[in-house]
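Novice: Right, I'll just put the structure down here and ask away after.
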Amino acid sequence: MISLSLQPASDPRSRNVRSLRTSADLASAPYDASILHAAPELDDIKRLESGGKARDISVFEADPNGVAAEQFRLMQHRLSNVRSSGGSALITSPGPADGKSLNAYNLAWALAEAGHSTLLLELDLRRPSQNRYIPTPPPSSLVDVIKGEATAGSAVRRLSDVPLFYLGLNKPASKPVKLLRSKALQDVICWARQTFSWIIIDGPPVLAVADVEEILPSADLVLLVVRERGTPRLLVERAVEHLGERLNFVIYNNVSLSGRYGYGYGYR
């Protein structure tokens, strides 16, 4: 089951998350045009074609009329209702193996299917996982863009007939905190905000490292993925406390109802 519950923004919980620039600051800030150069229009962005690589597929590819796909459509409706003009959503989890990358991929697909141009941005630089779902590695990575070896416009690739786009990396990056703090990455995010309706950020886990705190200022919404009977309750509580008022939604993975596993939806 996938359940989505809303965390009230006024909940006066932990204030431990460091506040840097806000997402509103980033949305209006000018970016360094050198990261873009002559970027193509969205319709002209090259599509990643299958290179024969075995990969995991989205629920929309596996069973577009199934219950799981419907739950992600409900989730995209919730996000669109909260932010009708789009924005950026950080997908994180208390620890590894909670399913955040799969949920990020499917949620990005659901938003794109609804007609929103959506960029799936891989920012789990220590343990990138989106390469499990894309058909073949793009010629340039996010790290190449940050280092100035490629432009954002040339590195982004289209993933489907729906307006779903991807920018990420194929292997762990060295010095991830330095990259996350770089002005070049902020320029990429500012450009993406002005180019796409939605940015779905596949971020690092909350508790494993401090990386997520470098990303929080760039996120309009924060979603925490929890695996039932997989994520220890103590870790869930610590993650919720750490995120505090920044936490907007909780996605429950792999929940069983009446002895069978499936997908469901809940709102709080």
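We did not get these values from a lab; they are worked out from the coordinates using the rules stated. Given the structure is predicted, the values throughout are model-derived calculations rather than measurements. Ideal geometry is used to build each Cβ from the backbone, glycine not excepted, and the neighbour counts take in all protein chains shown.
Novice: Over 14 Å, how big is the tail of the calculated P(r) for the stretch 141-180, in percent of all Cα pairs?
Specialist: Cα-Cα pairs of the stretch 141-180 separated by over 14 Å account for 50 percent.
Novice: Something else now. What are the ³J(HN,Hα) values, in whole Hz, obtained from phi via the Karplus relation 6.51 cos²θ - 1.76 cosθ + 1.60 with θ = phi - 60°, for each residue of the stretch 182-188 in sequence order, with x given for Gly and Pro?
Specialist: 6, 5, 4, 5, 4, 5, 4
Novice: In Å, what Rg and Dmax follow from the Cα atoms of the stretch 47-105?
Specialist: 14.0, 39
Novice: May I ask for the equivalent-ellipsoid semi-axes of the stretch 128-268, computed as the square root of five times each C-alpha gyration tensor eigenvalue and listed largest first in whole Å?
Specialist: 29, 19, 15
Novice: Could you tell me how far the Cα centroid of the stretch 156-189 sits from the Cα centroid of the stretch 60-91, in Å?
Specialist: The two parts, judged by their Cα centres, are 21 Å apart.
Novice: Antiparallel versus total DSSP beta bridges in the stretch 116-258: what percent is that, nearest 5?
Specialist: That works out to approximately 10 percent antiparallel.
Novice: Write down the Å³ per residue value for the convex hull defined by the alpha carbon atoms of the stretch 85-211.
Specialist: For the stretch 85-211, the hull spanned by Cα atoms encloses 98 Å³ per residue.
Novice: On the principal axes of its Cα set, how long, how wide and how thick is the stretch 94-139? Give whole Å, largest value first.
Specialist: Computed over the stretch 94-139, the largest-to-smallest principal extents equal 31, 30, 15 Å.
Novice: Treating the stretch 180-237 as a set of equal point scatterers at the Cα positions, no solvent, please give the Debye-formula log₁₀ I(q)/I(0) at q = 0.13, 0.17, 0.26, 0.28 Å⁻¹.
Specialist: -0.43, -0.67, -1.17, -1.29
Novice: Sort the following peptides by mean Cβ neighbour count (other Cβ atoms within 10 Å, averaged over residues), highest first: 63-76, 196-209, 229-242.
Specialist: 196-209, 63-76, 229-242
Novice: Cut-off under 23 Å on the C-alpha distance; same-chain residues fewer than 8 positions from K46 excluded. Which lysines are left, in chain and number order?
Specialist: Hits, sequence-local ones excluded: K147, K171.
Novice: OK, next. What nm value, rounded to one decimal, do you get for the distance between N81 and A54 when each label is placed 7 Å out toward the C-beta?
Specialist: Result: 4.1 nm between the two label points.
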